[in-house]
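What follows is a short report on a single structure.
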Amino acid sequence: MEKEVFIKLENISKTFGPVKANRNINLELRKGEIHALLGENGSGKSTLMNILSGIYSPDGGSIMLDGKQVAFDSPKEAIEAGIGMVHQHFKLVDVLSAQENIIAGQCKGVFINKAKMTESILTICKKYGLTVNPNKKIYNMSVSEKQTVEIIKVLYRGAKVLILDEPTAVLTPQETRVLFEIMRNMKREGCAVVIITHKMNEVMEISDRVTVLRKGESIATIDTSSATPEQLTELMVGKAIDLDLERVQVDPALVKEVLKVENLTVLNGERREAVSNVSFTLSGGEILGVAGIADSGQKELCEAITGMMKIKSGKVVFKGENIVGLSPRDIIKRGVSLSFVPEDRLGMGLVAGMNIIDNVLLKSYQNMPGLFVDRKEGRKKAEEIVQRFDISTPGTNQIVKRLSGGNIQKVLLGREIDLEPELLITAYPVRGLDIGASYNIYDVLNQQKQKGVAVLFIGEDLDVLLGLCDRLMVMHNGKIMDIVDPKKITKDEVGMLMVGRRPEGGELYYD
Amino acid sequence: MSWLNAVELFLQTAVQMGTPLLFGTLGGILSEKVGHLNLGVEGMMLMGAVMGFQVGVLTGNPALAVLAAGLAGMIGALIYAVITITFMGNQVVTGLALTIFGTGFSSFIGAGLSGVSLPENVQASLAAVNIPLLSKIPFFGPIFFQQSLYSLSALVLAVLLYVYLNKTRYGLNMRMVGENPSAAEASGINATLYKYVHILAGGFCCGLGGAFLTLVFVPRWQDNITAGQGWIAVALVIFATWNPLKAIFGAYFFGMLRGLGFKLQSGIPIFGHNVVIPAQILDMLPYIMTIAVLVFITMNKKKENQAPAWLGSPYFREER
């Protein structure tokens, strides 16, 4: 049965300076459907949805709601029309409670009637199968709790269209399943649900129809049941891509212990143990994956090894030498390299306002003789990196923050690899990257592994971690839950370990 | 007169001296709670002080004088708001410029006003009154409720502002704007409108604070009559951790310190010696206390006591 058309976007265009983010995009949402918006990074998915939710105003095109043309000048008007969006970076106020975040901008009357508000929030929760503690402060919440608050916020506003921007990027497999259940409940209530994603298995699992965007244009809209992952990938990337991850074999002669971490304990800024009593080894020619929900001590572990954070107790032995207490600069000189991609991509490692050349020089200038910085050499190096990693930029003089997210990450990783480290620590290198770019980066990691580099890979996507790594270390709350063999463990079992639950039989998966 | 009466009288003066500070602090809170650090408090106070006095002299109408004072502060705030909200200018620079502008503006308007005295009826209607019942409370009654209605209105305003911030939906929306304007907008709040309204209201408060000096406390016009009280108010906003009720305490406390300053200049007898504490030391006290409070709130990390998260940053909806 053909469902009723609810929203129709016609010829939507939007430009940011020289960047054409959306070019004549057409999209049609029906009542009671889950519609996946699939596209690589920078293909204009988020821009399009930000236009629909009133945050950006389009340069051209029209939005039809129930057959009538509408124009949203602000999010307020979109909300009133029943459109709600859960943003990739949550729009919540930390110091307020869940309830305050939910009702802000919405209550009638002058004074806030707390009891009545709580009641209506709990009614919504019951209707869609959500759980939340209305009085809990946001800063005490886990990522998935925050997401729940965002969803309730949208439902509380009476949304008939729910837009979710990359909602599963930060969730464990179990939490994802709960989210999908909520989405199906909404669908049953007659809402239109839009999920922005680039994970193919999710598109196949949850959506009824899928629209593929590429380089700011809508390529096709297909019924999911008649589509294959290969076909969708091809539509999305514009060419066929091999989606299989390869666990490359390395010359056994290269495999010798490079890093040994013993009973490492690190305190965070609030003097709590961010990493507690962590021990593991890492050999050359090996990729050791690290899985864990956000803030389980991954960042602190990276920073402790590279000397950026003080170590409370324990040893970090690099090629037989204890490097605890050495300055970051000395540790870099010994061949340890860190590329950490934070959530906002620019927080660590690169200086947003400097160009590619200067960012490349940031680490290597120390090895230059004399007082002055030799930019010629830096330019050469930057050009090499741009070419080798296929970074799309008008030139090496481009300010880094003007590049797209994927290209920023390539600059960072490229610089680190260019230093030819023996230990490469990379955290979230594909965060927010499209499929093509991600697979490029996996290839780079595999190349490094084959060269005999020891790779510590802190990742988010469990499918990738399981497919790429030789061993997988699961962290929870600063502790190592287990180090498992990715060939023998399932995604669900890793998900359990990530939330601190150990399967029956304790260290069953230890290899 | 017993020592108790002396203390009472001293504290009564402290409340008066704290009144301009309290107005200024409330103005600062209003602005900072929507995320705008306004260093122009001193300037807006001076604008209010001179306009209030001028209109008082011209019309002989106390209500018009007070209204003119508030509006003058509000015009200062409007300049600041247009630059920092609409044009997303740097808040620190704009605030400083506003203070410099306000100082110059007040000197210009006030050039012919020195030596002029306020009409009797204006002075009389703003003089101290006994509030029925409340002023009969032993000790506290005379301190807080044997005051000019002008002083009292600051106290009432602080309490109202506290209720507004914490109990009403406008207050919730306003806090949201100061913490995260993009979250506020996504919730359907018109962040720009909230910013304008509250920054302008803040300017009105600052104007009232300045005019208290020229209409009630002194009551004359002198060049630069606020003498840095606007800056103390900026510090008091932090001291009060953006809480209007704590601002009452802070403003009166610093009012007392200022009062103490006048007393101590003539020296106090300690063990038979007349010890003179230089007034400069006492002038430093508010700032030293503020530094101590800043250190303390950074140390204790209680999230609720921190500055609004977006304070000082411009907001542009289509930022990428």
Ignoring any ligand, DNA or RNA, what whole percent of the accessible area of region A:66-148 comes from carbon and sulfur when the probe is 1.4 angstrom?
50
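Taking 19 Å as the cut-off for C-alpha to C-alpha distance, list the pairs among A:K76/B:K195; B:K167/B:K246; A:K153/B:K195; B:K33/B:K246; A:K451/A:K488 that go past it. All intermediate terms of the calculation are to be shown ahead of the outcome.
On the way: A:K76/B:K195 16 Å; B:K167/B:K246 17 Å; A:K153/B:K195 23 Å; B:K33/B:K246 15 Å; A:K451/A:K488 26 Å.
Where the Cα-Cα span goes over 19 Å, the pairs concerned are A:K153/B:K195; A:K451/A:K488.
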If you take the square roots of the eigenvalues of the alpha-carbon gyration tensor of the protein assembly as shown and sort them as a ≥ b ≥ c, do you get rounded (a/c under 1.5), prolate (a/b over b/c) or oblate?
prolate
Whole-number accessible area per residue in Å² for chain A, which is evaluated in the context of all protein chains at 1.4 Å:
44
Given H placed on each backbone N at 1.01 Å, which residues far from A:V194 in sequence or on other chains put an amide H within less than 5 Å of it?
A:H35, A:L162, A:I163, A:L164
The long-range amide H neighbours of A:G105, using H built 1.01 Å from N in the peptide plane and a cut-off of under 5 Å, are B:N173
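Give the relative contact order (percent, whole number) for region A:421-463; include only Cα pairs under 8 Å separated by 6+ residues. It would help to have the intermediate numbers written out before the result.
Numbers: 37 pairs, mean separation 26.0, N = 43.
Across region A:421-463, relative contact order equals 60 percent.
Report the FRET efficiency, 1/(1 + (r/R0)^6), for B:N5 and B:I268, where r is their Cβ-Cβ distance and R0 is 22 Å, rounded to 0.05. Mind dumping the intermediate values first?
On the way: r = 18 Å, r/R0 = 0.83.
Calculated value: 0.75.
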Under 14 Å from the Cα of A:K114 - aspartates and glutamates, other chains or at least 8 residues apart
A:E100
Inter-label distance, nm, simple model (7 Å from Cα along the C-beta direction), A:K312/A:S62
6.4
Relative contact order (%) - criterion: Cα under 8 Å, at least six apart; region: region A:5-237
30
So for R0 = 41 Å, FRET eff. of A:Q447-A:R272 from the Cβ-Cβ r, to 0.05, ends up at 0.60
What's the angle, to the nearest 10 degrees (0 to 90), between helix B:279-300's Cα axis and the longest principal axis of chain B?
40
Taking 7 Å along the Cα-to-C-beta vector as the label spot, tell me the B:A309-B:T86 distance in nanometres, rounded to one decimal.
3.0
If amide hydrogens are placed 1.01 Å from N in the peptide plane, which non-local residues have theirs closer than 5 Å to the one on A:N355?
A:V400
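Would you mind getting me the FRET efficiency between A:K487 and A:E257? Use the beta-carbon distance for r and R0 = 25 Å, nearest 0.05.
On the way: r = 21 Å, r/R0 = 0.86.
Given R0 = 25 Å and the Cβ-Cβ separation, E is 0.70.
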Straight-line reach check, A:K160, cutoff 12 Å on alpha carbons, 8 or more apart in-chain or any other chain, hits among aspartates and glutamates -> A:E33, A:D66, A:E80, A:E189
Listed by chain and number, the aspartates and glutamates with an alpha carbon less than 19 angstrom from that of A:K256, same-chain partners under 8 positions apart left out, are A:E286, A:E321, A:E420, A:E422, A:D470, A:D485, A:D511
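Chain pair B, A: how much accessible area is buried, both chains summed, with a 1.4 Å probe, in Å² to 100?
On the way: alone 15150 and 23650 Å², together 36210 Å².
Interface between B and A: roughly 2600 Å².
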To the nearest 10 square angstrom, what accessible area does A:E181 show with a 1.4 Å probe?
80
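Per residue of chain A, what 222 nm ellipticity follows from adding -39500 (n - 2.57) for every DSSP H run with n ≥ 4, rounded to the nearest 500?
On the way: 16 runs with 163 residues, N = 511.
It lands at -9500 deg cm²/dmol.
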How far, in degrees from 0 to 90, does helix B:229-239 lean away from the longest principal axis of the Cα atoms of chain B, to the nearest 10?
60
Per the C-alpha gyration tensor (a ≥ b ≥ c, the square roots of its eigenvalues), region A:376-454 is rounded if a/c is under 1.5, else prolate if a/b beats b/c, else oblate; here it's oblate
How tilted is helix B:149-167 with respect to the longest principal axis of chain B? Cα atoms for both, answer in degrees (0 to 90, nearest 10).
30
With a ≥ b ≥ c the root eigenvalues of the C-alpha gyration tensor of region B:116-172, is it rounded (a/c under 1.5), prolate (a/b larger than b/c) or oblate?
oblate
Toward the positive end of the charge dipole of the protein assembly as shown, about the Cα centre and with charges on Cβ (Lys, Arg +1; Asp, Glu -1), which of A:T131, B:I268, B:A191 goes farthest?
B:I268
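Out of all DSSP beta bridges in region A:5-237, what portion is antiparallel? Express it as a percent rounded to 5.
Numbers: 23 of 42 bridges.
Around 55 percent of the beta bridges assigned by DSSP in region A:5-237 are antiparallel ones.
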Measuring from label point to label point, each 7 Å out along Cα→Cβ, what is the A:S327 to A:D244 span in nm?
5.0
Of all DSSP beta bridges in chain A, antiparallel share, percent nearest 5:
55
Would you mind getting the accessible area per residue of chain B, heavy atoms of the protein chains only, 1.4 Å probe, in Å²?
43
Quick check: the distance between the Cα centres of region A:355-378 and region B:191-235, to the nearest angstrom?
52
In whole angstrom, how far apart do the alpha carbon centroids of region B:3-25 and region A:212-284 sit?
66
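When 1/r is averaged over all different Cα pairs and the result inverted, which Kirkwood radius in Å belongs to region A:1-89?
Details: mean 1/r = 0.0740 Å⁻¹.
One over the average 1/r among Cα pairs gives 13.5 Å for region A:1-89.
Are there trypsin sites (Lys or Arg not before Pro) in region A:279-372 that DSSP marks as loop and that have at most 16 other Cβ atoms within 10 Å, and which are they?
Details: sites: A:K299, A:K310, A:K312, A:K315, A:K319, A:R329, A:K333, A:R334, A:R345, A:K363; in loops: A:K310, A:K312, A:K319, A:R334, A:R345.
Sparse-neighbourhood loop trypsin sites (Lys or Arg not before Pro): A:K310, A:K312, A:R334.
Using a cut-off of 11 Å between beta-carbons, work out the net charge of the residues near A:D59 (Lys and Arg +1, Asp and Glu -1, A:D59 not included).
+3
The values are calculated or read from the model by the stated rules, or taken from the named source; none is laboratory data. Since the structure is predicted, the reported quantities are computational estimates derived from the model, not experimental observations. Because the Cβ atoms are built from the backbone with ideal geometry, glycine has one as well, and the counts that use them run over all protein chains shown. Just so you know, the surface numbers come from the protein's heavy atoms only, side chains and all, with ligands and any DNA or RNA stripped out. Shrake-Rupley method; radii C 1.70, N 1.55, O 1.52, S 1.80 Å.
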